[in-house]
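The next block holds one structure in the form of C-alpha cells; read it before the comments.
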C-alpha cells in the first residue's frame with residue numbers, strides 16, 4: 001500500500017505517523033513545498049518573540065525521526081492531481097503514484113488587493129522565511145502597522161509587542177478577534193491592549209500603501225547599524241477612514257484561505273474548502289482531506305464549515321489515516337476551540353459561542369466586570385450548553401469546553417447557570433457524575 005500525503009504540517013505529520021502505526025509495511029510519502037523540516041506555523045510567533053529558536057518550531061526534534069518512522073520526506077510543489085492515473089504531478093513535471101491520497105495542504109494568507117501591498121517592507125507572517133525577514137526589521141522603536149486582529153493576528157501582535165516596536169493594529173471588523181469573541185468581549189480586549197500601548201483602529205481597512213524615496217546606500221547602512229528602521233524609508237498607509245498613518249514595516253494578518261488551486265480538474269468537490277464526509281473522504285475515491293483545507297460538518301450544526309483550528313485538524317488527520325488504512329473511524333464534527341493570551345489577558349471561546357436564535361431554542365447569559373477585566377458568556381440551545389466565551393478566567397475554564405463537547409443535558413442546572421454563570425464548574429461535575 002502506498003500512501004501519499006500532500007502537506008507536511010501538523011495535520012500531514014499526524015496522519016503519516018498514524019498510518020505507520022496502523023500499517024508497519026506501507027510506503028508513506030510526506031510532501032512539503034518549503035526548504036524546511038516539517039514545522040508548526042503556530043510556533044512562528046514564539047520564534048519571533050524570541051522564546052524559541054528555529055529548531056523549536058520543528059514538529060519533531062530528533063534528526064532521525066523520519067528515517068526511523070520510514071516516512072519519506074519529499075520537497076516539491078504539487079500542481080495537479082490525476083485520479084484516473086492515481087498520480088500527483090509536481091511543478092517539475094515529475095509524477096508520483098498513490099494508492100491512497102491525503103490532502104493536508106492547509107491555508108495561505110490573504111493579501112488584500114490594494115496598491116502598494118507588494119512593497120519590500122510589507123510582509124505576511126506565515127512561514128519561517130517571513131519570520132526571519134520580520135525579525136531582522138522589527139527592532140525596538142520601529143513603527144509597525146499590522147493589518148488584522150483575528151486569532152492569528154493577536155498572537156503575532158503579542159510577539160511584535162515583546163520586540164519593543166511601536167505598534168498599530170488595523171481591523172476591518174467592529175472589534176478585535178471578531179470570529180472568536182462577542183461584541184462586548186472583543187471591545188474589552190481592545191481596551192486592554194490600548195492600555196498596554198498598542199493603537200487599535202477597528203472598522204477600518206487599508207486602501208493604499210505608498211513607499212517614500214529610497215534612502216540610498218548610506219541610509220541603508222545607517223539603518224542596518226542602528227536598527228532604527230528597515231532600509232527603504234517610511235511607508236504611508238491610507239485607511240478607509242481617511243486617516244494616513246506612517247510605518248516602517250507593515251504586517252498583513254488579514255485572514256487565510258484554503259490551498260486548493262492545484263485540484264482544478266481533479267473532480268474533488270469544493271466550495272470554500274474541500275467537502276468531506278465524517279470519514280474525511282472527498283467526492284473522489286481513495287482521496288481524503290483533513291485540516292484547514294477542509295469544509296467539514298460542524299459539531300453542533302452538522303453543516304459544512306471552515307474551521308482552521310489545530311485540535312480539529314489533528315483529529316481529522318487520525319480519522320483519515322484510520323480509514324485510509326482500511327479501518328472505520330468517524331469525526332464527531334468540527335468544534336471551535338480557541339484559547340488566546342493577548343498581552344497577558346487570557347480569553348477563550350468554545351463551540352457556537354455566538355449562540356443561536358431564540359426561535360431555534362437559543363438563550364444566553366452574559367456577565368461583565370470591566371474593572372476586573374473579566375467576562376463570561378454562556379449560550380444554550382434547549383438545556384444544552386452549545387457555546388461559551390470567557391475573558392480573565394483561568395481556573396477550571398476547561399470545564400466550559402467539557403460541557404460544550406459532551407452535549408450534556410443540563411436539566412435544572414440550566415436555570416442555575418442563567419442566574420449565576422460562574423457555577424459552570426459545579427454544573428460540569430454534576431453532569432459528569434450523572435453520566436457516569
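The values are calculated or read from the model by the stated rules, or taken from the named source; none is laboratory data. Values in this document were obtained by computation on a predicted structure and should not be read as measured data. A quick note on method: Cβ atoms are made from the backbone with ideal geometry, for glycine too, and the neighbour counts reach across all protein chains shown.
Might you let me know whether the range 42-50 holds any residue that is in contact (Cβ under 8 Å) with a residue 24 or more places away in the chain, assigned to a loop (DSSP other than H, G, I, E, B) and farther than 30 Å from residue 284 by Cα?
yes
Limited to the range 353-374, what total is found for residues that are within 27 Å of residue 308 (Cβ to Cβ) and touching a helix residue (DSSP H, G or I) at 6+ places or on another chain (Cβ under 8 Å)?
Qualifying residue count for the region: 1.
Please enumerate the residues belonging to the range 26-65 that are over 22 Å from residue 101 (Cβ atoms) and in contact with a strand residue (DSSP E or B) (Cβ under 7 Å, 6 or more places away or on another chain).
35, 37, 39, 57, 58
Tally time: how many residues in the range 295-317 are touching a residue at least 60 places away in the same chain (Cβ under 8 Å) and either buried (at least 20 other Cβ atoms within 10 Å of the Cβ) or at positive phi (or both)?
Of the residues in the range 295-317, 6 are touching a residue at least 60 places away in the same chain (Cβ under 8 Å) and either buried (at least 20 other Cβ atoms within 10 Å of the Cβ) or at positive phi (or both).
Check residue 133 against each of (1) assigned to a helix (DSSP H, G or I); (2) in contact (Cβ under 8 Å) with a residue 12 or more places away in the chain and name the one condition it does not meet.
(2)
Tally the residues that are within 19 Å of residue 374 (Cβ to Cβ), in contact with a strand residue (DSSP E or B) (Cβ under 9 Å, 6 or more places away or on another chain) and either outside any loop (DSSP other than H, G, I, E, B) or not assigned by TED's automatic domain parsing to the domain that holds residue 366 (or both), restricting the search to the range 404-427.
7
Is one or more of the residues making up the range 349-358 in contact with a strand residue (DSSP E or B) (Cβ under 7 Å, 6 or more places away or on another chain), exposed (fewer than 14 other Cβ atoms within 10 Å of the Cβ) and on the phi > 0 side of the Ramachandran plot?
no
Does any residue of the range 191-206 turn out to be surrounded by 14 or more Cβ atoms within 10 Å (Cβ to Cβ), modelled with pLDDT under 95 and more than 30 Å from residue 355 (Cα to Cα)?
No, every residue in the range 191-206 fails to be surrounded by 14 or more Cβ atoms within 10 Å (Cβ to Cβ), modelled with pLDDT under 95 and more than 30 Å from residue 355 (Cα to Cα).
If only one of 340, 385 is more than 29 Å from residue 49 (Cβ to Cβ) and in contact (Cβ under 8 Å) with a residue 12 or more places away in the chain, which one is it?
None of the others qualify; the one that does is 385.
Mind checking which residues of the range 9-24 are in contact (Cβ under 8 Å) with a residue 24 or more places away in the chain and either assigned to a strand (DSSP E or B) or farther than 18 Å from residue 314 by Cα (or both)? Can you show your working first?
At the first step, the residues of the range 9-24 found to be in contact (Cβ under 8 Å) with a residue 24 or more places away in the chain are 9-20, 22-23.
The answer is 23, and nothing else.
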